[in-house]
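These notes are about the structure you will find just below.
The values are calculated or read from the model by the stated rules, or taken from the named source; none is laboratory data. Remember, it's a predicted structure, so these values are computed and weren't measured experimentally. Ideal geometry is used to build each Cβ from the backbone, glycine not excepted, and the neighbour counts take in all protein chains shown. Protein only, heavy atoms only, side chains kept; ligands, DNA and RNA dropped before computing areas. Shrake-Rupley method; radii C 1.70, N 1.55, O 1.52, S 1.80 Å.
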Amino acid sequence: MKDQYDIIVIGAGPGGSIAAKTAAEKGLSVLMIEKRQEIGDPVRCAEGVSKVWLRKHIEPDHRWICADVKGSRIFSPDGSMIEMAEEIAGGEVGYVLERKLFDRALACESAKAGADIMVKTRATGLIIEDGFVKGVKLMHLGEEKQIRSKVVIGADGIESKVGRWAGIDTSLKPRDIETCAQFLMSGTAIDQNYCYFYLGNEIAPSGYIWVFPKGQGLANVGIGILGSKSGKKHAIDYLKEFVGKKYPDAKILEIDVGGVPVSGSIERTIANGLMLVGDAARQSDPITGGGIINAMEAGKMAGEVAFEAISKNDVSTATLGLYEKKWRHKIGMDIDNSLIVKDIFVDFSDKEIDSLAHSLEDVNFSSMSLLDLLYALFKANKKLLWDLRVLFKNVVKYELDFER
């Protein structure tokens with residue numbers, strides 16, 4: 001470990017590792033720190049990811065792929081099922097990962113590219129001089145250190161303090177957080193070719209339950225509910241009730257709990273000498289809570305912009321603003337559109353959810369665009385057309401631009 005680096009990355013999740021790898025491959029000196037003693041553990045994720053988007057960043061490896069699914073099955077409160085092919089089922093359907101191995105593989109890629117890595121190392125503050133972030137104060141194995149850098153990339157998750165230390169408002173209201181719990185279970189006997197989603201305010205208020213295959217008869221069974229709905233009854237209580245009824249003979253092998261930001265885009269994700277990526281930047285999908293791909297996309301962009309800024313010897317927000325523009329252009333629109341949908345659907349009654357499900361029962365999802373899906377939904381619920389009018393305009397504009 002040196003006293004000075006070009007870049008310090010805080011957090012060794014997918015976003016942090018891709019940022020570190022990208023910068024190191026361009027010849028920058030990079031240090032990535034992780035507060036836990038093991039990268040990828042504990043798992044706070046359903047572990048599903050799109051195959052197409054994943055391949056943009058790393059070649060799939062059977063060692064960290066548990067299941068290769070072909071679609072999703074979504075159940076409304078009355079049990080009506082909608083089956084979607086993998087291609088349109090969302091960014092969390094495709095491969096089901098073993099995150100403990102996947103995250104370590106990504107970190108290993110960054111190390112091969114030349115990045116230094118320190119685990120069990122906690123950031124305790126930022127070095128700020130003349131309005132610029134100049135490095136990180138940290139605690140490593142009980143020893144306090146200060147390491148200077150030209151750029152700091154904060155990839156430290158939902159509980160991120162990095163942005164706040166730099167004066168960025170990353171605060172979250174209860175309605176902006178999904179509180180989650182997940183069991184790794186054996187004996188569910190689910191079809192390992194599908195990811196399952198269960199909707200309904202009785203089982204998962206303003207959220208959903210997921211069942212993702214993990215191979216060898218295992219499955220991730222989890223739940224996410226809005227923090228504003230978590231009172232005396234917590235997410236794990238709802239999950240226990242669901243499992244008790246749905247899989248009474250299945251066994252729990254592991255329990256994970258955590259939170260996911262579903263706030264949509266925050267006002268800014270940069271400061272002088274600093275960028276935020278992933279959950280720290282609130283870049284997860286507000287509907288599903290999925291964030292692996294968005295974090296990796298943002299991490300790559302952050303690494304590229306850091307290289308450009310350091311090459312110009314200008315790490316001010318004027319130059320780092322390119323990162324802001326790039327990620328908002330590439331993934332920001334999807335995040336904002338998802339927030340519109342989330343804010344409408346969290347207030348839907350079970351009867352309204354069932355009505356929408358029934359309207360889609362005869363739809364062929366093997367060849368449907370998002371625009372087709374919106375038309376089908378609007379046909380069943382005219383009020384939805386008004387509530388989602390902004391989304392409708394955005395999608396129409398996007399598809400027209402794409403066709404041109």
| message | For Lys145, only one of the following conditions fails: (1) surrounded by fewer than 17 Cβ atoms within 10 Å (Cβ to Cβ); (2) closer than 25 Å to Gly291 by Cα. What is its number? | response | (2)
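Yes/no per residue for (1) at pLDDT 95 or above; (2) open to solvent by less than 50 Å² (accessible area, probe 1.4 Å):
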| site | (1), (2) |
| --- | --- |
| Lys150 | yes, no |
| Ile158 | no, yes |
| Trp165 | yes, no |
| Thr170 | no, yes |
| Thr179 | no, yes |
| Asn193 | no, no |
| Val221 | yes, yes |
| Gly227 | no, yes |
| Test for Lys70: is it open to solvent by less than 40 Å² (accessible area, probe 1.4 Å), among the basic types (Lys, Arg) and at pLDDT below 90 | no
| Unmet criterion (only one of (1) open to solvent by less than 60 Å² (accessible area, probe 1.4 Å); (2) in the same structural domain as Ala24 (by TED's automatic domain parsing)) for Ser359 | (2)
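Condition check ((1) at pLDDT below 95; (2) open to solvent by 20 Å² or more (accessible area, probe 1.4 Å)) across all residues:
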{"position": "Ile10", "(1), (2)": "no, no"}
{"position": "Ser17", "(1), (2)": "no, no"}
{"position": "Thr22", "(1), (2)": "no, no"}
{"position": "Pro42", "(1), (2)": "yes, yes"}
{"position": "Lys51", "(1), (2)": "yes, yes"}
{"position": "Ala85", "(1), (2)": "yes, yes"}
{"position": "Ser110", "(1), (2)": "no, no"}
{"position": "Asp116", "(1), (2)": "no, yes"}
| Can you name every residue in the range 249-290 that is open to solvent by 10 Å² or more (accessible area, probe 1.4 Å), hydrophobic (A, V, I, L, M, F, W, C) and in contact with a helix residue (DSSP H, G or I) (Cβ under 6 Å, 6 or more places away or on another chain)? | Ile270, Ile287
| request: Determine the pairs where a residue that is assigned by TED's automatic domain parsing to the domain that holds Ala189, located within the range 229-252, has a partner that is part of a helix (DSSP H, G or I) and modelled with pLDDT under 95 with Cβ atoms under 8 Å apart, the partner being 6 or more residues away or on another chain. | output: Ser230/Pro174
| task | Could you please tell me which pairs satisfy a Cβ distance under 6 Å, a separation of 6+ or placement on different chains, a first residue in the range 27-40 that is under 13 Å from Ala107 (Cα atoms), and a second residue that is part of a loop (DSSP other than H, G, I, E, B)? | result | Val30/Ala115; Met32/Ala12; Met32/Ala115; Glu34/Ala12; Glu34/Val119; Ile39/Ala12
| field | Members of the range 261-273 found to be more than 19 Å from the chain's Cα centre (by Cα) and part of a loop (DSSP other than H, G, I, E, B), listed by number | value | Asn272, Gly273
